[in-house]
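Down below is the structure, laid out as structure tokens.
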Amino acid sequence: MATKRGSGAKTGAKKTSSRGASGGPAGNAGGMIKNLIVYALAGVGGVYLGTQAYSAASQHFPGLVARAAGKKSPSLTPARSERSPETATSSSGRRERRERTRRAVEEETPKVEVRSKTPELPDESSQVPENAESTGLAPPPVAGADETAGEDGVIPMPPLEIERGSGKRKEVALTFDAGSDWKPVRKILDTLASHDVRSTFFLTGEWTQENPKSSRRIAELGHELGNHSWDHSQFTGLTDDQIREQIRRTDAQVREVTGRGTRPYFRPPHGARNRRVLEVLGKEGYLSIYWSLDSWDSVKKGITAEQIRDRVLSKIEPGGIVLLHCGSQATADALPEILEGLKTRSLTPVTVSRLLEE
């Protein structure tokens, strides 16, 4: 019995010891400490491995990592301070891009600033009439052009564009494009007449056909006539034959209505022209007349007479060619003050042909 109890006691002690190591208070504390150590080591290892993985991914997939983190990758979107003018989003950047787009075609457009009036002529009978300067009835040919007329009587011109005069004299050319409304024209003509000014009007064929009275009055008041296409199409998008049809049809219509032709001056609709267009125009006896100052009366919505006046008078220079439009009431309203302002600056408004005299 003693032996059995002793054996039982030993057995019980062992069981108690076993429970104390794992299930008692001391055992629980030891187990928690061990677990905390294990978890801490695992956490440190995980952070280290995670850092290494992020670093490697950033090197090989920067865009993907940046997007996953909710940020823009520097390689995809440069910082604002590092952007070039082409990618700038400021209003000045947008204006610069528009200006570059509008002027891009001019890189292939040969230009001259001034052409001489009339080369020496062989006899008195072919001299330009004395009143040609004031009435614009006989615009002088351009020096350097092939003066041998073709079978149709057209004197070919070199494929050139003119955007200003030499500026040797204090003269400017106020030019008017006619292709839309006709109502402001009466006031424009009355104002020019009251100041004894002759200008150059570029007429479209359709406008002339639809507004014969205004067209005739422009001619009767002695203003110079130029060709502005038949229907204001962009010539760079037309074939050579279509270009020829546009300008020939317009010239015929203007002659029918006014008794005057439109050579040798052409104003490109929308300013759209390139070397090919100039070559076709030259063979038809025309020079492209561009401008050195756009009044903005056809491109800036809601522009006022005061804004047109201020823009023209603040930027005009001797030899300048100003772009204005017959269909702009704001231009008609601004014209009296523009003419007064030119007079104050001792600048004389003249026709294109007069401006280009040497």
Please give the per residue accessible area of the range 288-333, computed with a probe of 1.4 Å over protein heavy atoms only, in Å². 41 Å²
Whole-percent carbon and sulfur share, accessible surface of the range 249-358, 1.4 Å: 44 percent
In whole percent, how big is the carbon plus sulfur part of the accessible area of the range 150-236, probe 1.4 Å, protein atoms only? 45 percent
Relative packing of peptides 337-350, 172-185, 272-285 - highest average C-beta neighbours within 10 Å first: 172-185, 272-285, 337-350
Taking a probe of 1.4 Å and leaving out DNA, RNA and ligands, the range 186-247 shows per residue an accessible area in Å² of 43 Å²
Quickly rank 193-199, 221-227 as a protection proxy: mean count of other C-beta atoms within 10 Å, highest first. 221-227, 193-199
Report the local net charge at R217: Lys and Arg +1, Asp and Glu -1, summed over other residues whose C-beta lies under 11 Å from its C-beta. +1
Cβ-defined net charge surrounding I316, 15 Å radius [Lys, Arg +1; Asp, Glu -1]: 0
Find the centroid of the Cα atoms in the range 332-356 and in the range 164-209, then give the distance between the two in whole Å. 11 Å
What are the ³J(HN,Hα) values, in whole Hz, obtained from phi via the Karplus relation 6.51 cos²θ - 1.76 cosθ + 1.60 with θ = phi - 60°, for each residue of the range 332-347 in sequence order, with x given for Gly and Pro? 4, 6, 7, 4, x, 6, 5, 5, 5, x, 5, 4, 4, 8, 6, 9
Where a ≥ b ≥ c are root eigenvalues of the Cα gyration tensor, a/c under 1.5 meaning rounded, otherwise prolate if a/b exceeds b/c and oblate otherwise, the range 215-358 counts as prolate
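The values are calculated or read from the model by the stated rules, or taken from the named source; none is laboratory data. Keep in mind that what you see is a predicted model, and the values were worked out from it rather than measured. Neighbour counts run over all protein chains shown; Cβ positions are idealised from the backbone, glycine included. Remember, those area values only see protein heavy atoms, side chains included, never the ligands or the DNA or RNA. Shrake-Rupley method; radii C 1.70, N 1.55, O 1.52, S 1.80 Å.
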